[in-house]
Structure formats: C-alpha cells, structure tokens
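The values are calculated or read from the model by the stated rules, or taken from the named source; none is laboratory data. Nothing here was measured: the structure is a model prediction, and the numbers come from that model. Every residue, glycine as well, gets a Cβ built from its backbone with ideal geometry; the counts of neighbours run over all protein chains shown.
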Amino acid sequence: MQKKLSKLLAAVALGVTFTTAAASADPVTVFHDKPFYQSGWDGLTATAKKDGIDLNFSAYATDQFQAYIQSSLMSGDAPQAFTWWNGTKLKEIVDSGQLAPLDDLWAKKIASGEYDASSAAPFTVDGHIYGMPTGLNRWVVLYNKALFEKAGIAKAPATWEELIAAADKLKAAGTTPFNATIQDGWRGFVWFQELLLRTNPEAYAALNQGKLKYTDEPVQNVFKIWTDFYQKGYFTDATSQEEPLDFARGKAGMYLFGDWVIGLVEKGGVKAGTDFGAFIMPNVDPSLPNAVIVEGAPIVITKAGMENPDVVKFTDWYMSENAMNSWATDPGLYAGNLKAKTPNPIIAELAKIAADGKYTSVTRYWEASPSEIVLPAVEEFNRFMTNPSEEQAQKAMANIEAIASQYWASKQ
Amino acid sequence: MKQQQQAFALPPGAPSIDAMIAAENRRARKRLWTALAFMAPAIGFVAIFLLLPVFFNLYASLTQWAKFSGLNQFAGLANYQRLASNPKFYDATWNTLIWVGVSFVLPATIGLSLAMLVRGVKGEETFKSIFFLPRMFSATAVGVVWYYVYANEGIINSGLRAVGLGDLANRWLYESHLATPAMIVTHIWQQVGLMMVLLLIGLNALPSEPMEAAKVDGASRSQIFRHIVLPLLMPTLIMVTTVSVLAGFTSFDLVWVMGRDFPNRSTLTLSVNQYWESFRAGYWAYGSAIAVVLGVIAMSISWSLGALQHRLDKR
C-alpha cells in the first residue's frame, strides 16, 4: 500500500513538474510590421510546430511598431526577436548596444552551402552580422508580356536606348509605359534612386553619405530625366492607390519595384513568368558597372534573446531549408536560402543572377540615407510626382538640400 | 464664546459649545476622509493617466529625446524654437484653424436647418435615422470610403464625366486648394446627423407658450425663429458648437486616412502633424512640443466657449 502510494506521489510530482515546465515555456514571439506576409508567417508557425518549436508572430502597423521598438529599447525591455530594416536604420539600432551579432550562425549557414556570403552584406554593421533575412529583394522592372507583344517589342530591354525605344513603342500603341504612384506615402524615392544609380552610381553613394548636395549636377540630371519622362507621358496617374493591381490590369507596360511585389501583382490574376517578366534597369551609360538595388529586411535578435535557448534554437531553425521552403509558399517571398525553393520563376532567375556575382548589390535609398533626410525627401519626391514641373523639381532639390545640409552639419 | 454661552443657555448635562464644535470638526474631517477614500480611485486614475502624462509631455518637450536611448539631454526651448521656424507647423496651425472655423459654423448651422426641416414632418424618425447613419461608422472607415469617392476614377469624377462635366473632374485630395475642403465636407457629412439630433432634442424641449403667444400677436415665422426660438435654443446651440469645434480640432483619423499621402504634409492638422513627427519621424521631444501648443489652443477654445455659455446662463 505504502509502495503504491509512493508511486502515485512520484507520478503526481513528475506530472506537476512537466506541467509547470510546459506552462512556463513561452513561445518564441517575433514582432513585426508586415501583416501583408500573413500566409508566410502562418506557414512558418505551422512548420515550426512540426519541428518542435513553439513560434508566434505578432503584427503591428508600421508607425506603432517603430514607436514600440523605440520605447521598449529605451526601457531596456525590447522583444527578443523582431523585424527591422537594413542600412542606416539597422545601424541606429545596433548603436543602442542591445542587438546580438549573429556571426557564428551565418558562418555555419554559409559553410553548409545554404547561404551565399553576399546575402549577409545588407545586415552587416561594423563588421558584424545582425540579422536573419525575411527578404532579400531586388528592385527590378516588371514588364507585361502581352502589352510588349502588342507594341511590337521583341524582348526585354537590355540597354538604356532599348528601354526608351520600348517606352516610345508602348506609348504609340496606347499604353502608358511606366506604373508609378505615391501610394502609401513612401514610394516617391523609387524612381529617384534608380535614375541616380543608372546615371551616376558614385553620386548615389556620395549623396547617401552627405558628400554630395541635392542641388548638385548629378541630382539635377536625375530630375531633368524624370521631368522629361513625365512630359512625354511615360507615367501613370501618381495618385492611384492600387499600384500593383494597376500593373496586373494592364494600365502600364512596365513597373519598377522590389520583387516582393510579384505576389501582390499575381493577386490581380496574372502569373509571374507567363504573363509578366522582369529585367534589371539598364544603365544610361553602358560602361557603368552592373548594379542592382537590394532591400534586405532582417529579423534581429537582442542580447537578452540570445540568452534564451528557445530563441537560439529558433534562429538556427529559421535559416534552414525547411523553414525557408514554408516561407516561400507565399508567392512573393524569398529570403536567400540557396537550397530552398523559390516562389516564382522571376525570383529564381534573380537569385541566379545574384549568385553569379555579375551585379553589385546596392542598398536601397530608404535604408542607405539617414531617415532624418529620407522622410522629408520622399515628401518632396511625392510632391514632384503629383506636379512634375521643372519649377517643382527645383523646389524639391532646394528643400531637400536645406534639410540634408542641416543634418550633416549636425553630425560634424 | 462666553457671551454666546450666556445668550443660549444649554440644558444641564449637554456638552459644551466647544465640545460640540470639536465633535463637528471631527465629523467633518471624517466625512472628508471618507469622501477622499471614495474618490481615491478616480483621483489616482486622473493623476496617473492624465496629469502625469501631461506634465511628462511638458518636460519631454524641453529635452532632446534621442531615438533608442530616450531622454538624454535638457534642451530648454530648442524644440519650441524649431517649431516656430518650421513652415510645416504654420501649415498645420492654419489648417487646424480652418477646421475649427468651419466646425464652429457649418455643422451647427446645417444641423439646425435639417432639424427645422424634419421636425414634425411625416417620417421624421426615418429622416433622423438616415441623417444620423454616417455617425455610426468609424471615422477611419468613412475616410477610406470617401478616399475612393474622391479618387480619380471615383464616383464624383465618374458622375461629372457621365453628365458631360468632365472639365470639373479633379484630383480632389491631391490639389492643395481642394484637399482640405474635400476632407471637411466628409467631416461635416459625418457629423451633421449628430448635431441635428441634439438640436431636435433641444427644439422639442422648448416651451410652446412663448411661440403661441407670439403667433397670437401676429409675429411671422421668421420673427418667431429669430426672436424666440434661437435665444431659447442658445444653450443647446453652444453645447452643439463646443462638441463640433472640439471634434474638428481633434480630428485625426479622417485627416490621417485621407490626407496622410498629400505631398509635403501640407493638408495636415496639428494633431496629425504631432503624430507624424513623433511616431513616424521619431522626433519624440519635438512632437511633445507640438502637443503642448495643441493642448494650449484646445484649452483656450474650450474655456472661451465655456465662458460664453456661463454668461448666457447668467442672463
């Protein structure tokens, strides 16, 4: 009887221990501002569960998310894992001293052949890698194959002359060549960054480092081309709020954007590779080096997070082929894992081009320039896009320069 | 005291006046503590969630708030100087004044006209429900719907084109002279039903005798309205105007949804500008300075309207 009682007590004690342990193990929660990737987050959660990881994603609107991360870092109580941006935005947060470097994790993943070393570049600050990619997106020109065919354009433009010829042919065939809007208030920089990179990549780098003025000749040249494009009727109505769907509906023949938009375009009933293709915007001067703008969106881990074994386990799992296969089930998502499947033929092709090393990756303007300059600059670009006159172009350059010069002076 | 004791002789065995006063004081103190105990949760709530943030915001506006590390430097009036030299602040103040000015006049005037129109007519309840319906939706939802109403291919432009008035079609939310009026039209569309219902309640509560007497004396309908209805309705009108002005002054969701993308933020009001600077641009201390100015203006307006109501009540 006594033996039975001791067995029963032991079983109860064991049960209590396990129950307590199970109850105290919180899931790993990743905070983010990307609810539009919901199917991707859901896929990761389900796959993680199968692999024994209790994973959770918590979505915020971007403004609230930034405010939350800022305030929680200030109070020293930041979430252990959250999405962020690369470039200057990543540096700002690294400088707070609360992020954990992920150099060892990346070294392991590069050694296993799952990642190319260049994939870590967007997340590298002062020689250390601070993020795991949710996206490594190239900014390319999507083109509507049916409209190209209708306008008599045989192939995707490979030179600047071919690009202009294609635009003129589309215009002659009654199609607006380029889809470009100020939707959501942040898209104004898209054509600015691309035109500056394609005309003068050194100026692009110098501008982002405060070594060039917004009123200098290279920027003047960008606005000259941009204004000229508007005067020729190359662009769609800048005020549309359905930019990806506008392209899917055939409102324009070409669409310059990050490749993550492909999934959103496909929601308009067209298929990547079949109905539309993509090409990297050619340089104005063919002798300029090949370059492609890359946007890297990382998940970062705090130092406190790396002390949590569940979070450490999550980081290793997240960068695996298995996790990235589930991430890519969403039509637009690809985060650079070379062994994982690509979500569509365009991204597969772009990943191949990137792996070939023939194109230099250039950080997107949004992340390459300080946000103190980028935000007001984007407002000026937006203003220009709704009133694309030479006078407005001059005002835009002068206004941005006033802010930029003040900012860089404060940093000296 | 002695004189009092002499004047009012107390029955034998009764406590002295001093003892009674002391007992009364004790009871008063006890009542005060009891009252304070009952009020403590409310006082605590107001202190923690209203007064503390207000004073903290005031303090924050005098600092340089570094992103990611917090309050790190006292900056005196630097944020207010920046505010005074920022054209966007003046744009936002001007837009706010437009909102307040329009909210002062139009919703109450239109609401009163509608109230007079529907009062006593057949189907009054149906009309009331129809006009009140927009107030049932959140301002965010209304903003999204009206964004598409004003869109290039929205119902207004399509309608104008359909009736051969395509020249009048416009980019309603993207032309600087049209964007704020367009947003205000939406705001009035949403608010006017509430004003009408409040004024109908006020109208129905008016005594009928003065109007009947005036009728007997041969006063016309407009005379009755001007000299009897309006003065009697004034307290309700002031209450309605206060509600309307404060709604216009603090209008955020509608302006954020409809005007956020307007290039260069030139349609934004102070409250939206404050949000933008604090939470989008990350200038928390500067945003606090805008909030202080916003608070001062809001309190001034609310006090002025309160004083007006007080003066009318005294008449």
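For segment B:225-288, please list each of the helices (runs of 4 or more DSSP H) lying entirely inside it that holds at least 3 residues being within 14 Å of chain A (Cβ to nearest Cβ). If you could, list the steps in order and put the result at the bottom.
On the way: elements: B:230-249, B:253-259, B:270-275.
In segment B:225-288, the matching helices (runs of 4 or more DSSP H) lie at B:253-259, B:270-275.
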- [ ] Determine which single condition B:Gly143 fails, assuming it passes every other condition in (1) within 14 Å of chain A (Cβ to nearest Cβ); (2) not in a helix (DSSP H, G or I); (3) not aliphatic (A, V, I, L, M).
- [x] (2)
Open item on the list: Looking only at segment B:294-314, count every residue that is surrounded by fewer than 20 Cβ atoms within 10 Å (Cβ to Cβ) and in contact with a helix residue (DSSP H, G or I) (Cβ under 9 Å, 6 or more places away or on another chain) and tell me the total.
Closed with: 11
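Okay, residues lined up against (1) within 20 Å of the chain's Cα centre (by Cα); (2) of a type in the set (Lys, Arg); (3) closer than 17 Å to B:Phe252 by Cα:
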| residue | (1), (2), (3) |
| --- | --- |
| B:Trp94 | yes, no, yes |
| B:Leu97 | yes, no, yes |
| B:Val102 | yes, no, yes |
| B:Val105 | yes, no, no |
| B:Met116 | no, no, no |
| B:Lys122 | no, yes, no |
| B:Glu125 | no, no, no |
Task: Members of segment A:264-294 found to be acidic (Asp, Glu) and touching a strand residue (DSSP E or B) at 6+ places or on another chain (Cβ under 8 Å), listed by number - done: A:Glu266, A:Asp275
Task: segment A:42-59 - residue that is in contact with a helix residue (DSSP H, G or I) (Cβ under 8 Å, 6 or more places away or on another chain), part of a strand (DSSP E or B) and not aliphatic (A, V, I, L, M) and, of those, farthest from the other protein chains (Cβ to nearest Cβ) - done: A:Asn56
Task: B:Leu199 modelled with pLDDT of 85 or more and surrounded by 23 or more Cβ atoms within 10 Å (Cβ to Cβ) - done: yes
TODO: Give me the pairs, please: first residue somewhere in segment B:59-86 and over 23 Å from A:Gly76 (Cα atoms), second residue anywhere and of a type in the set (Asp, Glu), beta-carbon distance under 8 Å, and either six or more positions apart or on two chains.
DONE: none
Task: Every residue from segment B:157-184 that is crowded, with 17+ Cβ neighbours inside 10 Å, free of Cβ contacts under 8 Å to residues at least 40 places away in the same chain and either part of a helix (DSSP H, G or I) or away from every other protein chain (no Cβ under 14 Å) (or both) - done: B:Asn157
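Restricting attention to helices (runs of 4 or more DSSP H) lying wholly within segment B:15-89, give those where 1 or more residues are in contact with a helix residue (DSSP H, G or I) (Cβ under 6 Å, 6 or more places away or on another chain) and of a type outside the set (Val, Ile, Thr).
Details: elements: B:17-46, B:52-60, B:78-84.
It comes to B:52-60, B:78-84.
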- [ ] Search segment A:54-67 for residues being modelled with pLDDT under 95 and touching a Lys or Arg at 6+ places or on another chain (Cβ under 8 Å), and hand back the single one that is nearest to A:Asp330 (Cα to Cα).
- [x] A:Ala59
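Of the residues that make up segment A:60-77, is at least one acidic (Asp, Glu), more than 14 Å from chain B (Cβ to nearest Cβ), surrounded by fewer than 21 Cβ atoms within 10 Å (Cβ to Cβ) and not in a loop (DSSP other than H, G, I, E, B)? Steps first, answer last, please.
First pass over segment A:60-77, keeping only residues acidic (Asp, Glu): A:63, A:77.
Still in the running and more than 14 Å from chain B (Cβ to nearest Cβ): none.
Among the residues of segment A:60-77, not one is acidic (Asp, Glu), more than 14 Å from chain B (Cβ to nearest Cβ), surrounded by fewer than 21 Cβ atoms within 10 Å (Cβ to Cβ) and not in a loop (DSSP other than H, G, I, E, B), which makes the answer no.
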Open item on the list: Which pairs turn up if I take residues in segment A:86-107 that are over 24 Å from A:Arg364 (Cβ atoms) and look for partners that are among the charged types (D, E, K, R) and outside any helix (DSSP H, G or I) with beta carbon separation below 8 Å, at least 6 apart in sequence or on another chain?
Closed with: A:Gln98/A:Lys303; A:Ala100/A:Lys303
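Residues are listed down the side, and each one gets a yes or a no for (1) buried (at least 16 other Cβ atoms within 10 Å of the Cβ); (2) not in a helix (DSSP H, G or I):
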| residue | (1), (2) |
| --- | --- |
| A:Ser361 | yes, yes |
| A:Val374 | yes, no |
| A:Phe381 | yes, no |
| A:Pro388 | yes, yes |
| A:Glu391 | no, no |
| A:Ala398 | no, no |
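Tally up the residues in segment A:160-178 that are more than 14 Å from chain B (Cβ to nearest Cβ) and polar (S, T, N, Q), please. So that I can check it myself, show each step before the final result.
Here is the first cut: in segment A:160-178, the ones more than 14 Å from chain B (Cβ to nearest Cβ) are A:160-175, A:177-178.
Still in the running and polar (S, T, N, Q): A:175.
Of the residues in that region, 1 qualify.
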Task: Number of the exception - A:Gln241 against (1) closer than 18 Å to A:Leu170 by Cβ; (2) within 14 Å of another protein chain (Cβ to nearest Cβ) - done: (1)
